[in-house]
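J.: Before I ask anything, here is the structure I am working with.
Computed from the coordinates by the stated procedures, all read-outs in this text should not be read as laboratory data. Computed from a predicted structure; not experimentally measured. Because the Cβ atoms are built from the backbone with ideal geometry, glycine has one as well, and the counts that use them run over all protein chains shown.
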Amino acid sequence: MTHSVRSEYATRYSIQERWQAVSLETLVAAGPPRTRKGPGCSVGIALASLPDSESIALTAMLASNPTLDGGWKNVDISEAIKGSGIRIKGETIARHRRGGCSCESR
Ligand SMILES: [Zn+2]
């Protein structure tokens with residue numbers, strides 16, 4: 001739902017009417033919303049634009065596990081890629097690692 005559609009929706013219907021317009025029963029049958037996939041997030045774009053060897057290195061950093069095997073923390077990856085002139089926030093890296101970003105596949 002775009003912002004304009006959402007705001008129009010919110011102003012046009014009262015809460016009672018909204019529940020009737022889109023009932024929870026309908027929504028639960030349809031299942032939870034899925035993350036919209038499209039152009040990749042900043043991490044996906046970096047992976048696609050870096051030279052192959054650097055992209056492979058970044059992939060290895062992202063695949064490491066900072067809690068279990070002393071792998072790369074989000075903030076450390078963010079710092080590391082600054083050297084390549086790429087600025088991505090730790091939160092963005094975390095979202096990409098969780099699969100909650102807009103990348104089609106990782
Ligand atoms: Zn991503």
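J.: Distance in nm between label sites at residue 54 and residue 104, each 7 Å beyond Cα in the beta-carbon direction?
T.: Result for the modelled spin labels: 2.3 nm.
J.: With a 10 Å Cβ neighbour count serving as the proxy for reagent exposure, in which order, fewest first, do 88, 77, 93 appear?
T.: So the residues, fewest neighbours to most, are 88, 77, 93.
J.: On the principal axes of its Cα set, how long, how wide and how thick is region 42-98? Give whole Å, largest value first.
T.: Here the Cα extents, ordered largest to smallest, are 29, 21, 20 Å.
J.: Now for a different question. Could you work out how much longer the chain between residue 68 and residue 24 gets when fully extended? Use 0.36 nm per residue separation minus the Cα distance between them, nm to one decimal.
T.: Gain on stretching residue 68 to residue 24: 11.9 nm.
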